[in-house]
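I have placed the structure first, in the form of structure tokens, so that the comments after it can refer back to it.
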Amino acid sequence: MTPKNILVIVRQSPYSSILSAATLDIVLTAAAFEQTLTLIFMGEGVLHLLSSQDSKASGLKNISKALPSLELYEVDQVFVEKDALKERNLKTENLVMRPDTLSLSQIAETIEKADQVFNF
Amino acid sequence: MQSFTLVVYGSPDTQAASTAYNFAQALLKAGHQIYRLFFYQDGVFNACSFNTPPQDEENLPASWQTLIQEYDLDAVVCVASALKRGIVNDAEAERYDLAASNLRKGFEISGLGQLIDGVIQSDRVINFLP
């Protein structure tokens, strides 16, 4: 069976809900099933990628640490919304990994190409 | 006719869960097939058998059970989400030495792989997030 194009979009800020951890679990499980995965961080979601996160005091897991290892699981299609970085005065150097940036219209194209979208 | 997997992320008190239930009913009425219901995160509370709401309120978990049994649906509860929230079947209750089990009839506990299998096997996957 041909693998499906699964697109996972992260729009919520980290630590705002348990969804961040759930998102990562879905991505890793889909990768284990050898599906074609694309991960896009949009809006507040780009904060997931911020380096120098310290979640110790909150008692919540620091998910940013796990993100660079996504490549090991062959999730290499990781993108970040260009405008969302700009609006927050962030550069890719501030992030735990160096994902390519996408414009909103490129994100729209990616959504169109996907077989299944998980929008968190 | 299309096949669907519905993913429920909200507890029975959320609109996400009741919309998912109404959508499931509508799908079946329209002759579509539900490949799987997958209950994830707080959605696992839909599979609890201990909830006893006031008489003038709907008991959504009981409604799910009726629907699942009537149409012989595959209803899967994510094991990690369930254990974390205290939803257990007999086997898990015994394994963790818990006072009782509370998984509703019709539901089964399994892994997140069943969600991805749903993505692979069904025509459409619909997510119901609170």
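The values are calculated or read from the model by the stated rules, or taken from the named source; none is laboratory data. As the structure is a computational prediction, the values presented were derived from the model and not from experiment. Here the Cβ is made from the backbone with ideal geometry for all residues, glycine too, and neighbour counts use every protein chain on show. The protein model used for the area step is the full one, side chains on, heavy atoms only, and it has no ligands, DNA or RNA in it. Shrake-Rupley method; radii C 1.70, N 1.55, O 1.52, S 1.80 Å.
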Tabulated pairs, region A:62-82, first within 13 Å of residue A:92 (Cβ to Cβ), second at pLDDT 90 or above and part of a helix (DSSP H, G or I), C-beta under 6 angstrom, 6+ apart or interchain: A:80/A:46
Going through B:22, B:89 one at a time, which residue ends up being polar (S, T, N, Q) and more than 29 Å from residue A:31 (Cα to Cα)? B:22
Every residue from region A:45-66 that is at pLDDT 90 or above and open to solvent by less than 20 Å² (accessible area, probe 1.4 Å): A:45, A:46, A:48, A:49
Which numbered condition residue B:98 misses (of (1) out of contact with any helix residue (DSSP H, G or I) (no Cβ under 7 Å at 6 or more places or on another chain); (2) within 22 Å of residue B:18 (Cα to Cα); (3) free of Cβ contacts under 8 Å to residues at least 60 places away in the same chain): (2)
Hey, any hits in region B:90-99 for a residue that's at the interface with chain A (Cβ under 10 Å from one of its Cβ atoms) and surrounded by fewer than 21 Cβ atoms within 10 Å (Cβ to Cβ)? no
All but one of (1) part of a helix (DSSP H, G or I); (2) more than 14 Å from chain A (Cβ to nearest Cβ) hold for residue B:58, so report the exception by its number. (1)
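Yes/no matrix, rows are residues, columns are (1) under 21 Å from residue B:25 (Cβ atoms); (2) of a type outside the set (A, V, I, L, M); (3) out of contact with any Pro (no Cβ under 6 Å at 6 or more places or on another chain):
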| position | (1), (2), (3) |
| --- | --- |
| B:79 | no, no, yes |
| B:90 | no, yes, yes |
| B:105 | yes, yes, yes |
| B:114 | no, yes, yes |
| B:125 | yes, no, yes |
Out of the residues in region B:1-20 that are hydroxyl-bearing (Ser, Thr, Tyr) and buried (at least 22 other Cβ atoms within 10 Å of the Cβ), which is nearest to residue B:87 (Cα to Cα)? B:9
Restricting attention to region B:117-124, does a residue exist that is part of a loop (DSSP other than H, G, I, E, B) and either buried (at least 19 other Cβ atoms within 10 Å of the Cβ) or within 14 Å of chain A (Cβ to nearest Cβ) (or both)? yes
In region B:103-116, which residue that is surrounded by 19 or more Cβ atoms within 10 Å (Cβ to Cβ) and farther than 19 Å from residue A:116 by Cα is nearest to the other protein chains (Cβ to nearest Cβ)? B:109
In region B:24-40, is there at least one residue being in contact with a strand residue (DSSP E or B) (Cβ under 9 Å, 6 or more places away or on another chain) and assigned to a loop (DSSP other than H, G, I, E, B)? yes
